Every structure is written in structure tokens, then in C-alpha cells.
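Please read the structure below before turning to the comments.
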Amino acid sequence: MQEPDIDWQHLPFGYYPTDYNVRCTFRDGKWGEIEVSTSDRIDMHMAATSLHYGQQLFEGLKAFRGKDGKIRIFRLEDNGERLRSSAGGILMEPVPADIFRKMVLMAVKLNERFIPPYGSGASLYIRPLEIGISPSIGVRAASEYLFIIMVTPVGPYFKTGFGCTDICIMRKYDRVAPRGTGRFKVGGNYAASLVAGHHAHELGYSAVLFLDPKEKKYLDECGPANFFAIIDGKYVTPKSDSILPSITNRALMQLAKDLGLEVEERHMTVDDLTRATEAGACGTAAVISPVGKVVDLDNDTTYVISKDGQPGPVCTMLYKKLNAIRNGEEEDIHGWNTIVE
Ligand SMILES: *Cc1c(COP(=O)(O)O)cnc(C)c1O
């Protein structure tokens with residue numbers, strides 16, 4: 001197996017071509033055979049519902065080369081389950097669990113030479129994508145769907161080490177509607193967040209901490225990640241119908257409990273930030289991106305979370321623990337890893 005010529009340390013979070021992707025089409029009321037493709041193109045009808053009416057959803061998970069040389073995929077079944085929930089949210093055809101699992105394993109095995117070495121901090125990012133492909137000019141759900149799994153190696157998220165960034169609150173933007181699609185992983189939510197994210201970046205912040213779209217009172221999603229804070233020694237994370245249930249957040253809640261911390265899923269207000277000793281954004285890409293300060297731009301108020309600008313002890317511990325499980329350095333007591341045979 002030829003090693004690709006990649007500088008793993010400096011690989012960005014971008015698209016690096018791999019050898020194969022796997023595909024499956026839903027047509028005539030059933031899923032067809034799984035196909036292996038070497039093309040990174042899709043030939044589709046210009047009136048496809050995904051292009052006009054946003055019938056599109058995706059997932060994101062990672063495979064790691066472990067200390068023992070084995071390949072581990074983190075929480076595969078949970079990603080499959082969330083994909084089916086997203087499909088229900090925008091009237092798309094859910095991909096059955098067995099097809100999802102088989103295709104993820106195939107995509108990883110076929111592209112094994114792109115799985116970064118243990119210790120590099122890099123990983124193989126797995127991106128399942130489902131789109132409506134049958135043509136329709138009237139607004140309705142497609143009758144045909146294409147499900148693709150592509151993979152691409154991605155470098156370490158923290159190029160200069162695990163560190164804090166600042167985030168901001170801006171009330172003039174909402175990511176999603178109160179009873180909208182916030183809890184589904186669909187492209188439309190991302191399109192709706194781009195202007196706000198771009199504005200925040202221009203002002204020097206890494207992300208927008210969105211407030212709930214109805215009352216503008218409760219903390220919601222942090223850019224494309226979930227938010228949590230350590231308050232009075234407890235792990236506290238917002239509970240809301242407009243937040244995507246992050247699998248990383250769920251894993252961190254479990255690890256916090258394992259460490260003896262109390263975990264609260266509840267409404268959080270801006271006021272809670274005054275008592276937070278640590279905070280972070282969490283998701284597959286970074287695991288935890290610790291927060292230095294939260295700046296409320298509308299009220300000209302700054303909530304300093306980290307006094308010395310460094311990640312706090314709980315964030316650091318949880319971050320290390322989750323990485324150790326994914327790399328096979330620590331026992332996987334919750335059965336989160338799928339080992340690729
Ligand atoms: C994918 C995603 C997350 C993180 O979910 P993980 O399962 O932890 O990767 C959080 N928020 C949004 C909006 C997302 O799309």
C-alpha cells in the first residue's frame with residue numbers, strides 16, 4: 001500500500017482527494033446496491049430537489065489510527081441515528097442502519113492509506129451526504145435520493161496547541177427558527193449562519209454564540225458547535241429544540257459524570273456567563289474549543305471566562321480523555337468505538 005505524500009501536521013481542514021467514495025441510490029421505493037466510485041463528480045438533474053428546495057443533509061465523524069495500529073471509528077451508530085432523524089426533519093428517505101454502517105466501513109477500508117498515523121493529531125474525516133436527486137419544479141419531496149460517503153484526511157484542529165478563542169453575541173442574526181430545523185444536520189442551517197459567522201470573523205471572534213431565536217434570552221448554538229460551561233463545578237449545557245444534539249457533547253457529559261461532575265442540561269442565560277469558570281464549544285472537528293471571553297456586542301459587555309487566557313482544568317481533562325479513547329490509549333468502557341477489522 002503506497003503511503004500518500006502528505007504533511008499530516010500541516011494538513012488543513014479542507015478537501016484532500018482520496019481514492020474512492022461509496023454510493024447508494026433510493027429509487028422505485030427501495031435502496032439499491034452499494035457502488036464504489038473513483039469519481040468526485042455527481043451527474044444529476046438540474047431540477048433536483050436538493051438544488052432548489054434544500055433537500056440535503058449530512059453527517060461528520062472521524063476514524064483514527066490507534067496506538068495499537070488498529071483503526072477506530074468514533075460513535076458510528078449514533079451518527080447513523082442522527083442522520084435518520086435529520087431525514088425525517090426535511091421529509092427525506094432515511095438510510096437504514098445496516099446500509100449506513102456497511103458504507104462507512106467500506107469507505108474507510110478502501111481509503112486506508114489516507115488514515116493518518118498515530119500521534120500525528122490528524123484523522124480521517126468521514127462525510128456522509130444525502131441529497132434529493134429527482135426533478136421537481138413544484139415544491140415537494142423527491143422520490144429519488146443519493147447517499148454518498150466520502151472521506152478526506154484532516155490535520156490537527158489546534159495547529160499551535162490546545163488554546164482559547166473569543167466568541168461574541170450578536171442579536172441581529174438567528175441561525176434557525178424557533179420550531180425550525182435547528183436540531184437537524186441540514187445544509188440550510190449552515191447557509192443561514194454564514195453571514196453572522198463572517199461578520200464575527202471580521203471582528204476577530206472565532207464564532208457567534210447564538211441566542212434562542214424566540215426570546216433572545218437563552219444561550220443556543222455556538223457557531224457550528226454546541227456550547228457548555230463549567231459553573232460551580234458542574235458541566236452545564238443548553239437544552240433547546242433549536243440545537244443540534246452534538247454527539248461530542250453527549251460523550252463529554254458522560255465523561256464529566258465519570259469524573260464525578262454533576263451534569264445539567266437546562267436553559268442557560270447570558271447571566272450564567274458571569275459565574276462560568278470555564279466554557280467551550282464542542283463538536284467532532286475540535287472536540288473542545290475552549291472559550292477565553294464572550295463579548296456581548298449589543299450591550300458592550302465582556303464576560304471573561306478564562307482569566308489567564310488558557311484552557312481550564314476541566315476542559316483540558318475532558319479533551320485529553322476523549323482523545324485518549326478515540327486513539328485507543330484508554331479503555332473504551334462505553335463502547336463508543338467501532339474497530340475496523
Ligand atoms: C455537527 C454539528 C455539531 C457537532 O456535532 P458532533 O456530533 O459533536 O460533531 C454541533 N452543532 C451543529 C450545528 C452541527 O452541525
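The values are calculated or read from the model by the stated rules, or taken from the named source; none is laboratory data. Predicted model only: the values in this text are computed from it and were never measured. Cβ: placed from backbone, ideal geometry, glycine included. Neighbour counts: every protein chain shown. Each accessible area value is taken on the protein alone, full model and side chains, heavy atoms only, with ligands, DNA and RNA left out. Shrake-Rupley method; radii C 1.70, N 1.55, O 1.52, S 1.80 Å.
Quick rundown of the values:
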quantity	calculated
Out of Pro4, Pro17, sole residue that is open to solvent by 60 Å² or more (accessible area, probe 1.4 Å) and closer than 15 Å to Val154 by Cα	Pro17
Scope segment 160-191; condition charged (D, E, K, R) and closer than 30 Å to Met106 by Cα; matching residues	Arg183, Lys185
Any pair with Cβ under 7 angstrom, 6 or more apart, that starts in segment 233-254 at a residue that is within 13 Å of the ligand (Cβ to nearest atom) and ends at one that is outside any strand (DSSP E or B) and among the polar types (S, T, N, Q)	Thr237/Asn249; Ile247/Asn79; Thr248/Thr284
Matching residues in segment 148-195 - criterion: being open to solvent by 50 Å² or more (accessible area, probe 1.4 Å), within 20 Å of Gly121 (Cα to Cα) and within 17 Å of the chain's Cα centre (by Cα)	Tyr157
Filtered residue count, segment 305-340, keeping only those that are surrounded by fewer than 15 Cβ atoms within 10 Å (Cβ to Cβ), outside any loop (DSSP other than H, G, I, E, B) and more than 21 Å from the chain's Cα centre (by Cα)	1
Unmet requirement for Arg101, which otherwise passes all of (1) within 21 Å of the chain's Cα centre (by Cα); (2) open to solvent by 60 Å² or more (accessible area, probe 1.4 Å); (3) modelled with pLDDT under 95	(3)
Boolean, Leu124 is more than 21 Å from Leu91 (Cα to Cα), within 13 Å of the ligand (Cβ to nearest atom) and of a type in the set (A, V, I, L, M)	no
Residues of segment 142-197 that turn out to be at pLDDT below 95 and either of a type in the set (Phe, Trp, Tyr) or touching a Cys at 6+ places or on another chain (Cβ under 6 Å) (or both), as a count	3
Some residue of segment 246-268 being assigned to a loop (DSSP other than H, G, I, E, B), more than 22 Å from Glu59 (Cβ to Cβ), of a type in the set (Asp, Glu) and open to solvent by less than 30 Å² (accessible area, probe 1.4 Å)	no
Lone qualifier among Leu91, Leu110 - being open to solvent by 60 Å² or more (accessible area, probe 1.4 Å) and under 22 Å from Pro17 (Cα atoms)	Leu110
Filter pass, Leu219 being near the ligand (Cβ under 9 Å from one of its atoms) and in contact with an Asp or Glu (Cβ under 8 Å, 6 or more places away or on another chain)	no
Residue satisfying condition, being touching a residue at least 60 places away in the same chain (Cβ under 8 Å), away from the ligand (no atom under 16 Å from the Cβ), open to solvent by less than 50 Å² (accessible area, probe 1.4 Å) and not assigned by TED's automatic domain parsing to the domain that holds Met103, within set Tyr205, Tyr145	Tyr205
Matching residues in segment 1-53 - criterion: being of a type in the set (D, E, K, R), outside any loop (DSSP other than H, G, I, E, B) and in contact with a Leu (Cβ under 8 Å, 6 or more places away or on another chain)	Arg23
Matching residues, segment 266-284, being touching a residue at least 12 places away in the same chain (Cβ under 8 Å) and more than 16 Å from the ligand (Cβ to nearest atom)	Arg266, His267, Thr269, Val270, Asp272, Leu273, Thr274, Arg275, Ala276, Thr277, Glu278
Pairs with Cβ under 7 Å, 6+ apart, first in segment 28-48 and assigned by TED's automatic domain parsing to the domain that holds Tyr15, second open to solvent by 100 Å² or more (accessible area, probe 1.4 Å) and in a loop (DSSP other than H, G, I, E, B)	Ala47/Ile137
